[in-house]
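Please read the structure below before turning to the comments.
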Amino acid sequence: MKFSLKSVLSNRLFAVAALVLTSAVLGGCATPSTSAGMTPTDFQATNKHTQSVTLTVDGGKETGALGKSQIPNDAFAQAITDAITNSKTFSSVVKGNGGDMLLTVSIFNIDQPSFGLSFTVKMEAGWTLKRADTGVVIWQESIKSEHTATVSDAFAGITRLRLANEGAAKANIAQGLSKISALNF
């Protein structure tokens, strides 16, 4: 059997090119969760409160170029704002100060898988609703949610993880606003 340097190099070059192409297609860069992907679209408010609300969100993380997809505070806040506006849970969402109510949503934990064909993301967020004028807590609860994204949702793992993040956040928002809309105050 004869080996030529030219054939060995061309085979290695082909293998390296195939590896780079596969990595680019399957790997890519992680993208953060989007507000559109986290906004519940089928949520119906039980009660449509006449008060306005000021929203504060914390506990989210920015997505690093080589890290896992994360849920940034600004996108999570926008998703909650859009869900409140669409469902009319409150009359309006006031930026800064000035709302009749204060809603604080804190992301406590996001449990993400590192690999697999199905990605299940589990999320826990603390929801607190207070009267702005007195600071009295009207309602407070820790809400757990999860969502599974499969290969049929997205072949690329980074996209599948983002979809699982968004689904868990969407479920969390729907549960939180559903509970708030059921309150009488």
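Listed values, structure above:
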read-out: Flag if G126 is of a type in the set (G, A, S), on the phi > 0 side of the Ramachandran plot and without any contact (Cβ under 8 Å) to a residue 60 or more places away in the chain; value: no
read-out: Test for G96: is it part of a loop (DSSP other than H, G, I, E, B), more than 18 Å from the chain's Cα centre (by Cα) and of a type outside the set (F, W, Y); value: yes
read-out: Region 136-176: number of residues that are out of contact with any strand residue (DSSP E or B) (no Cβ under 8 Å at 6 or more places or on another chain) and surrounded by fewer than 14 Cβ atoms within 10 Å (Cβ to Cβ); value: 4
read-out: Cross-chain or 6+ apart pairs with Cβ under 6 Å, region 29-52 first and basic (K, R), then surrounded by 14 or more Cβ atoms within 10 Å (Cβ to Cβ); value: K48/K88
read-out: Residues located in region 105-125, provided they are modelled with pLDDT of 95 or more, surrounded by fewer than 17 Cβ atoms within 10 Å (Cβ to Cβ) and more than 14 Å from E146 (Cα to Cα); value: S106
read-out: Sole exception among (1) touching a helix residue (DSSP H, G or I) at 6+ places or on another chain (Cβ under 9 Å); (2) in a loop (DSSP other than H, G, I, E, B) for L103, by number; value: (2)
read-out: Extreme residue, farthest from the chain's Cα centre (by Cα), among residues of region 34-92 that are assigned to a loop (DSSP other than H, G, I, E, B), small (G, A, S) and surrounded by 15 or more Cβ atoms within 10 Å (Cβ to Cβ); value: S91
read-out: Residue list for region 146-164, filter: under 14 Å from the mean Cα position of the chain (by Cα) and either of a type in the set (D, E) or more than 14 Å from S118 (Cβ to Cβ) (or both); value: E146, I158, R162
read-out: Filtered residues of region 120-144 (kept if farther than 29 Å from L161 by Cα and of a type in the set (D, E)); value: D133
read-out: Breaking point among (1) outside any strand (DSSP E or B); (2) under 18 Å from the mean Cα position of the chain (by Cα); (3) surrounded by 15 or more Cβ atoms within 10 Å (Cβ to Cβ), for K179; value: (2)
read-out: Members of region 94-134 found to be out of contact with any strand residue (DSSP E or B) (no Cβ under 6 Å at 6 or more places or on another chain) and more than 21 Å from A156 (Cβ to Cβ), listed by number; value: K95, G96, N97, G98, R131, D133, T134
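The values are calculated or read from the model by the stated rules, or taken from the named source; none is laboratory data. Treat the numbers as computed from the prediction; the structure is a model and nothing was measured. Here the Cβ is made from the backbone with ideal geometry for all residues, glycine too, and neighbour counts use every protein chain on show.
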